[in-house]
Amino acid sequence: MKVRTRRRTREERRPPTAISVSPYFADYTATKNFFPRKGFRIRASSNEVDTKTEEDREKNVQEANRVNTVEIQEQGIAGVSKMSVGATSTGPALDKDLKKVVQKTAATFAPRASTATKNPAVPGTVLYTVFEVQGYASMLLGGVLSYNLIFPSNEPDIWRLMGMWSIWMFTIPSLRARDCSKNEKEALNYLFLLIPLLNVIIPFFWKSFAVVWSADTVAFFGMYAWKLGWLQQRE
């Protein structure tokens with residue numbers, strides 16, 4: 001029994017294209033699927049780097065702002081310190097100059113010893129007590145005359161005028177004649193210049209001998225309280 005064989009055609013003799021092509025497509029597919037993932041990873045890494053760079057920049061800017069703020073605050077504190085130091089140094093200088101002027105003026109016009117000998121009216125001596133009693137007694141007598149209690153008169157007279165000026169003419173010179181402390185001497189020097197101003201200015205507003213004497217008395221004890229520190233001692 002003969003078996004008839006059929007001659008294969010040219011197309012049938014060709015090898016299947018799917019076998020040779022499929023590896024290409026497989027490689028292409030694998031390559032196509034591989035590269036996008038790799039590109040995505042690269043982009044993700046670049047985004048992370050950019051984000052980190054921006055955060056570093058923000059931190060640097062914040063640090064620079066903080067440093068500038070601290071420097072400005074330090075400069076402001078230094079400026080305030082310089083101003084306070086300048087004001088503090090100006091205050092004592094002005095007070096010192098004022099003391100010199102007052103002392104020189106009082107030494108020129110106030111009564112003083114004719115010789116350069118040591119003052120005998122030191123604390124504890126009879127002369128010291130005499131000057132002190134004379135000073136406060138003249139103040140009290142001037143108040144009595146200013147209030148028109150002795151030698152009363154309805155018109156301004158010499159007695160009331162002397163009462164008004166008694167603190168400046170008798171009290172302050174008597175107390176300055178003693179060998180008193182430095183602070184008390186400064187208080188008396190200030191009063192020697194202040195009381196004449198009060199006695200001249202007050203009558204323009206209030207024509208009263210009693211008011212002028214009262215103002216002089218308040219100024220006297222106020223100056224003593226300031227220079228001798230009476231209020232600080234009580235506190």
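The values are calculated or read from the model by the stated rules, or taken from the named source; none is laboratory data. Just so it is clear, the model here is predicted, and its values are computed rather than measured. Because the Cβ atoms are built from the backbone with ideal geometry, glycine has one as well, and the counts that use them run over all protein chains shown. Ligands, DNA and RNA are excluded from the accessible area calculation, which covers all protein heavy atoms including side chains. Shrake-Rupley method; radii C 1.70, N 1.55, O 1.52, S 1.80 Å.
Which of the residues spanning region 96-130 are modelled with pLDDT of 80 or more, of a type in the set (A, V, I, L, M, F, W, C) and either open to solvent by less than 50 Å² (accessible area, probe 1.4 Å) or part of a loop (DSSP other than H, G, I, E, B) (or both)?
Ala121, Val122, listed by residue number.
Lys185 fulfils the conditions (1) in contact with a helix residue (DSSP H, G or I) (Cβ under 6 Å, 6 or more places away or on another chain); (2) open to solvent by 30 Å² or more (accessible area, probe 1.4 Å) except for a single criterion, (1). Filter region 135-158 for residues that are buried (at least 16 other Cβ atoms within 10 Å of the Cβ) and of a type in the set (S, T, N, Q); which is farthest from Pro203 (Cα to Cα)? Only one residue fits best here, namely Ser138.
Scanning region 147-177 for residues that are part of a loop (DSSP other than H, G, I, E, B), touching a Lys or Arg at 6+ places or on another chain (Cβ under 9 Å) and within 24 Å of Ala121 (Cβ to Cβ) gives a single hit, Ala177.
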